[in-house]
């Protein structure tokens with residue numbers, strides 16, 4: 001039974017990560033090049049900055065995931081919050097770089113790996129804790145991306161889930 005639960009967890013986490021990736025892509029796909037670097041104010045991050053940060057985090061956390069600290073010495077986290085990305089092509093390139101590293105580490109994980117201890121900033125985590133930590137971090141930032149994209153696209157926004165005031169119609173399509 002425990003192995004079944006662990007296997008279900010692995011399947012679910014892989015599915016959720018792919019769904020969050022798709023959600024971010026759905027939001028970023030609706031913006032134009034001129035929206036990539038827009039932020040609400042000087043204390044807010046643009047979609048470009050959020051993507052740079054997510055990619056930097058993913059590369060650091062998931063490179064050599066089971067064997068080395070998730071905060072790599074080569075990571076310059078502060079620089080992730082500086083500079084610009086020129087266009088959506090570069091934005092998606094940076095985005096995919098992080099996700100490819102993540103899936104390269106997550107996809108081969110086994111039930112036996114879940115109880116292994118890894119380190120993030122010298123703090124021990126079992127693999128389940130580390131995955132959950134990253135999932136919550138990524139969903140937080142992807143929510144920011146969706147919010148920013150929705151704000152700049154405004155009335156042209158295409159919902160990524162059940163559209164506002166369309167729940168009854170959606171439920172009918174599901175036979176509810």
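The values are calculated or read from the model by the stated rules, or taken from the named source; none is laboratory data. On a predicted model such as this, the values are computed, not experimentally measured, just so you know. Glycine also receives a Cβ, built like all others from the backbone with ideal geometry; neighbour counts cover every protein chain displayed.
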> Which of the residues belonging to region 52-99 are surrounded by 17 or more Cβ atoms within 10 Å (Cβ to Cβ) and touching a strand residue (DSSP E or B) at 6+ places or on another chain (Cβ under 6 Å)?
Replying inline: 70
> Restricting the first residue to region 125-147 and requiring it to be more than 15 Å from residue 9 (Cα to Cα), which pairs with a second residue that is surrounded by fewer than 20 Cβ atoms within 10 Å (Cβ to Cβ) and at pLDDT below 95 meet a Cβ separation below 7 Å and a spacing of at least six or different chains?
Replying inline: 146/160
>> Go through region 146-165 and report how many residues are loosely packed, with under 11 Cβ neighbours inside 10 Å and at negative phi.
In response: 4
> What number of residues in region 100-126 are in a helix (DSSP H, G or I) and touching a strand residue (DSSP E or B) at 6+ places or on another chain (Cβ under 6 Å)?
Replying inline: 1
>> Checking the condition part of a helix (DSSP H, G or I), without any contact (Cβ under 8 Å) to a residue 40 or more places away in the chain and in contact with a helix residue (DSSP H, G or I) (Cβ under 8 Å, 6 or more places away or on another chain), which residue from 49, 13, 5 passes?
In response: 49
> Among 40, 34, which is out of contact with any strand residue (DSSP E or B) (no Cβ under 6 Å at 6 or more places or on another chain), closer than 21 Å to residue 156 by Cα and part of a helix (DSSP H, G or I)?
Replying inline: 34
